[in-house]
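The values are calculated or read from the model by the stated rules, or taken from the named source; none is laboratory data. Note that the structure is predicted; figures quoted are calculated from it, not measured. Quick reminder, even Gly has a Cβ in these numbers, built from the backbone with ideal geometry, and neighbours come from all protein chains shown.
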Amino acid sequence: MLEIKNLHARVNPEEGEALAILKGVDLKVPAGEVHAIMGPNGCGKSTLSYVLAGHDGYEVTDGALVFEGADIGALAPEERAARGLFLSFQYPVEIPGVPTLTFLKEAANAQRRARGEAEVSAPDFIKLARENAAKLGISSEMLKRPVNVGFSGGEKKRMEIFQALMLAPKFLILDETDSGLDIDALKVVAEGVNALRSPDRGMLVITHYQRLLDYLKPDVVHVMAAGRIVETGGPDLALTLESQGYEKYAGAAA
C-alpha cells in the first residue's frame with residue numbers, strides 16, 4: 001500500500017545551510033497492517049511523517065514515495081490527502097474563528113470533490129459526527145468550539161482521531177499520538193485508532209514508548225536511528241526497546 005524507497009530528505013533548504021535528516025529510508029506497509037516506528041529523539045521519525053504528508057519545509061533529495069502503486073512525491077499536501085493519506089500531528093494546531101464541524105465538513109467535501117464523489121449532506125455529516133464523537137467521549141460543546149482552541153493536550157489528540165474517523169482515510173500516519181496523554185486519555189485514543197483498523201487501511205505509528213503499542217498491538221515494529229531504518233521485527237521488539245533503550249543503535253546508521 002505504502003512503499004518508501006531509499007528516501008533522502010533535508011530540512012529548510014532555503015534557510016541557510018540545509019540539514020540532511022533522512023538518509024536512505026526503506027519501508028513497506030501493506031494494506032491491513034499497523035507498523036510502528038520507534039527511535040531516539042532527533043533520528044528522523046517526525047521528519048518522515050512530514051515528508052509523507054508533503055510538508056513544504058522539507059525537500060526530498062533522493063528516493064521515492066509510492067502510495068497504492070503511484071509515485072506521490074510531486075503531489076501537494078491536499079492532493080495526497082484526497083488520495084487518502086492522513087497525518088495526526090504531534091502538536092495539533094489551533095485555528096481560531098473556525099468551528100470544528102465547519103472545518104471538517106469543508107475538508108471532507110473538498111476531498112470528495114477532488115475524487116469526483118458527491119458531497120456529504122449536512123444531516124448525514126452531523127449524524128456521523130455525533131456517532132464518532134460518542135466513541136471518543138467528545139462532547140457537543142467541544143464540537144462547537146474553534147478547531148483545538150481551549151483544548152487540553154489530551155483533548156487535542158482525541159480531536160485528531162475524531163478527524164480521522166470523520167475523513168476515513170486509506171492510510172494513517174500517527175506522529176506521537178500518545179505524547180502528553182494520561183492513562184485514561186491514552187486508552188480512549190487507542191480505542192479510536194483501533195476502530196479505524198481495516199483490511200483496506202494501513203497505519204504507520206510513530207512513538208517513543210511501548211505503552212501506546214500495548215493497546216494498538218502493531219504487526220511490525222521498526223527501529224529508526226540517524227535517519228534510517230536499522231532494525232525490523234515483531235511486537236516483541238518494542239518490549240526489548242522499552243527495557244534496553246536505544247543505546248546499541250547509536251552507531252548503527254553511520
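Please determine, by comparing only the residues of the range 139-184 that are under 22 Å from Glu106 (Cβ atoms), crowded, with 16+ Cβ neighbours inside 10 Å and of a type in the set (Val, Ile, Thr), which one is modelled with the highest pLDDT.
Only one residue fits best here, namely Ile173.
Just one of (1) among the aliphatic types (A, V, I, L, M); (2) at pLDDT 90 or above; (3) surrounded by fewer than 19 Cβ atoms within 10 Å (Cβ to Cβ); (4) farther than 28 Å from Pro30 by Cβ trips up Ala129, so point out which.
Here Ala129 meets the rest and fails (3).
Residues being among the charged types (D, E, K, R) and either surrounded by 18 or more Cβ atoms within 10 Å (Cβ to Cβ) or at pLDDT 85 or above (or both): count how many of those fall in the range 1-29.
Residues flagged as among the charged types (D, E, K, R) and either surrounded by 18 or more Cβ atoms within 10 Å (Cβ to Cβ) or at pLDDT 85 or above (or both) within the range 1-29 amount to 6.
Being among the small types (Gly, Ala, Ser), touching a residue at least 24 places away in the same chain (Cβ under 8 Å) and farther than 17 Å from Pro146 by Cβ narrows it down to one of Ala76, Ala107, Ala81, Ala70, so name that one.
Every option except Ala81 fails the conditions.
In the range 167-219, which residues are in a loop (DSSP other than H, G, I, E, B), more than 23 Å from Leu52 (Cα to Cα) and among the aliphatic types (A, V, I, L, M)?
Once the filter is applied, which keeps residues that are in a loop (DSSP other than H, G, I, E, B), more than 23 Å from Leu52 (Cα to Cα) and among the aliphatic types (A, V, I, L, M), the range 167-219 yields only Leu181.
Do we find that Gly32 is in a loop (DSSP other than H, G, I, E, B), small (Gly, Ala, Ser), surrounded by 14 or more Cβ atoms within 10 Å (Cβ to Cβ) and touching a Pro at 6+ places or on another chain (Cβ under 7 Å) in this structure?
The answer is yes for Gly32.
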